[in-house]
Amino acid sequence: MHRLFERHITTLRTRFDRILSETGFDALLLGSGTAPRRFLDDTQYPFRAHPPFVQWLPHLREHPGSWLLLRPGQKPLLYLYCPDDFWHQTPEAPSGDWTEEFEIECFADVRRLSSVFQNLGNTALIAEARGAFARDDWAHNPAALIARLDFERAVKTDWELQCLRRANRIAVQGHIAAEGLFRADASEYRIHQGYLAATAHNERDLPYDNIVALNSNAAVLHYQFQQHQAPSLHRTLLIDAGARLHGYAADITRTHVADGESVFAGLVSLLDGAQRALLPQVRAGVDFVELHQQMHLSLAQILRDCGLVNASVEAQVEQGITRTFFPHGLGHLLGLQVHDVGGWQQDAKGYLREPPLEHPFLRLTRTLQPGFVVTIEPGLYFIPSLLGKLRQTPGGDTVNWALVDTLLPFGGIRIEDNVAVTALGCENLTRDAFAAAGREGF
Ligand code: GLY
Ligand code: MN
Ligand code: MN
């Protein structure tokens, strides 16, 4: 892993040096961030370091107030904030192989930074807040620089890819535990706790809030609660839950059904089949918008085959019927953020391609390249508010509402894998992780 990390830093140094020269800066300061306080309260939100800082310093965990100084051709210099603070655990000088890639200086008094950051030349600073030491003529979050960094972050180094692989392996342990608890009729809360224990994560380690949805709650796309009380009947579990390794996120969803013979179970297996059938098309040179549109065609075929909608595939897509059942995007870039930056960006200068008007929630409109890591996450939901709207349209006449009524209590389905685009096709980080855990075919 250390060799990979060395190469990761070498790649970043080359990339950042080039981008600094393209944008005319002599120095770049990346801030780790600060922990913001809650309004009218003396407690803080959990700290999470800014992603551009984490990309360089993934081994550091909770170090607000620190800065990384990058200058072309020079070793990156970390100023690590080690305040004199008896309320909190303060960082010690870091150790480990990774520190060889950096010069490291600890400081306790922010005034020290004003003196060491003299004479840097034309300087950019990326952080939410400028820092009291920053000079007025420094560029704070310059758009041209950030656009270039965001654009290139989509292509992962081998080290980043390895982190994403390992994050998937960790998350899969949680998913296996969660399924077991679902089959033992546990509550959403218990399933969530079991997930945390199996992944050795606490809430602040997770890349995003777990979605643990039983029965009709599975129809709420970002369902945010966990009921303590188990329902009287377990029909469905939709669990969208990840893990983080060195800041890199897994983002995995599985949908489990109690009764394997039910119509709903048939839908789960059809959607799973459609998701797998799309995977060979996830390869370099493919426009992600077209993949998204293709999934709508597959979904229309499923809705037709199972008797939910009596209309042709083309008519269903044209009339927006599939969008009622699958209202979100097929996927997004994945990395240091669960919805990683730059998904609409078409070039390093920041030109954006927004998704088609009828698919406003699609987060990725780029052409896939080797090194991208994306999610492939089709869904099929029974969302009362959207179904109610569909019912008012001419397309509503083609829907088998009696069948819809029997499926509403199951909520919905999402199947989400994390996929790395390679030179030849793609690597499915999620299904490989399930297979490695003895769950072939999951
Ligand atoms: N977990 C959020 C998403 O799948 O995009
Ligand atoms: Mn996702
Ligand atoms: Mn997800």
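The values are calculated or read from the model by the stated rules, or taken from the named source; none is laboratory data. Note that this is a predicted model, so its numbers are computed, not measured. Neighbour counts run over all protein chains shown; Cβ positions are idealised from the backbone, glycine included. Keep in mind that these areas ignore ligands, DNA and RNA; they rest on the heavy atoms of the full protein, side chains included. Shrake-Rupley method; radii C 1.70, N 1.55, O 1.52, S 1.80 Å.
Of note:
- FRET efficiency estimate (nearest 0.05) - Cβ-Cβ, Gln118 to Asp84, R0 35 angstrom: 0.90
- By accessible area, using a 1.4 Å probe on protein heavy atoms only, the stretch 210-291 has 51% of its surface on carbon and sulfur.
- Carbon and sulfur %, accessible surface of the stretch 329-440 computed with the full protein complex present, 1.4 Å: 57
- Within the stretch 1-117: Cβ-based charge dipole about Cα centre, in debye rounded to nearest 20 (Lys, Arg +1; Asp, Glu -1): 420
- Positive contributions from Lys and Arg (+1) and negative ones from Asp and Glu (-1), summed over other residues with Cβ under 15 Å from the Cβ of Gly396, come out at 0.
- Those Cys residues of the chain for which no other cysteine Cβ falls under 4.7 Å: Cys163, Cys306, Cys426
- Within the accessible area of the stretch 81-133 (1.4 Å probe), percent carbon and sulfur: 47
- Label separation (Arg61 vs Thr14): 3.4 nm, computed from points 7 Å beyond Cα along the C-beta direction.
- Maximal additional length on extending the Glu100-Ala197 stretch stands at 31.5 nm, based on 0.36 nm per residue less the C-alpha distance.
- Estimated dipole of the stretch 85-125 in Debye, rounded to 20 [Cβ of Lys and Arg +1, of Asp and Glu -1, Cα centre]: 340
- Contour minus Cα-Cα distance for Asp26 and Arg111 (0.36 nm per residue): 28.4 nm
- Taking GluC sites (Glu not before Pro) across the stretch 79-183, the ones in a DSSP loop with at most 12 further Cβ atoms lying within 10 angstrom of their Cβ are Glu92, Glu128.
- For the stretch 52-136, trypsin sites (Lys or Arg not before Pro) meeting the loop criterion (DSSP other than H, G, I, E, B) and having at most 15 other Cβ atoms within 10 Å: Arg61, Arg130, Arg135.
- Those trypsin sites (Lys or Arg not before Pro) in the stretch 5-53 that DSSP places in a loop and that have at most 12 other beta carbons within 10 Å: Arg38
- Computed [θ] at 222 nm, deg cm²/dmol, the chain (DSSP H ≥ 4; -39,500 (n - 2.57); rounded to nearest 500): -10500 deg cm²/dmol
- Per residue, in Å², the accessible surface of the chain once ligands and nucleic acids are set aside, probe 1.4 Å: 44
- Spin-label model, Ala132/Arg391: points 7 Å from Cα along the beta carbon direction are separated by 6.1 nm.
- √(5λ) per eigenvalue of the Cα gyration tensor, the stretch 24-183, largest first, Å: 30, 21, 17
- In plain terms, the chain from Met1 to Phe47 could stretch by 13.9 nm, reckoned as 0.36 nm per residue minus the Cα-Cα distance.
- Across the stretch 1-86, Cα-Cα pairs more than 16 Å apart make up 60 percent of the total.
- Estimated translational D of the stretch 196-281 in µm²/s (Stokes, Kirkwood radius over Cα pairs; 37 °C; 0.692 mPa s): 225
- Taking the charge dipole of the chain about its Cα centre, with +1 at Lys and Arg Cβ atoms and -1 at Asp and Glu Cβ atoms, the residue from Val110, Ala147, Ala243 reaching farthest to the positive side is Ala147.
- Alpha-carbon spread of the chain, three principal axes, descending order, Å: 73, 45, 44
- Taken as entire DSSP H runs, the helices of the chain that both span 27 Å or more between Cα atoms along their own long axis and average -1.0 or more on the Kyte-Doolittle scale are 2-23, 158-183.
- Whole-Å distance, taken between Cα centres, linking the stretch 391-417 and the stretch 1-63: 44
- Between the C-alpha center of the stretch 287-310 and that of the stretch 223-283 there is a gap of 18 Å.
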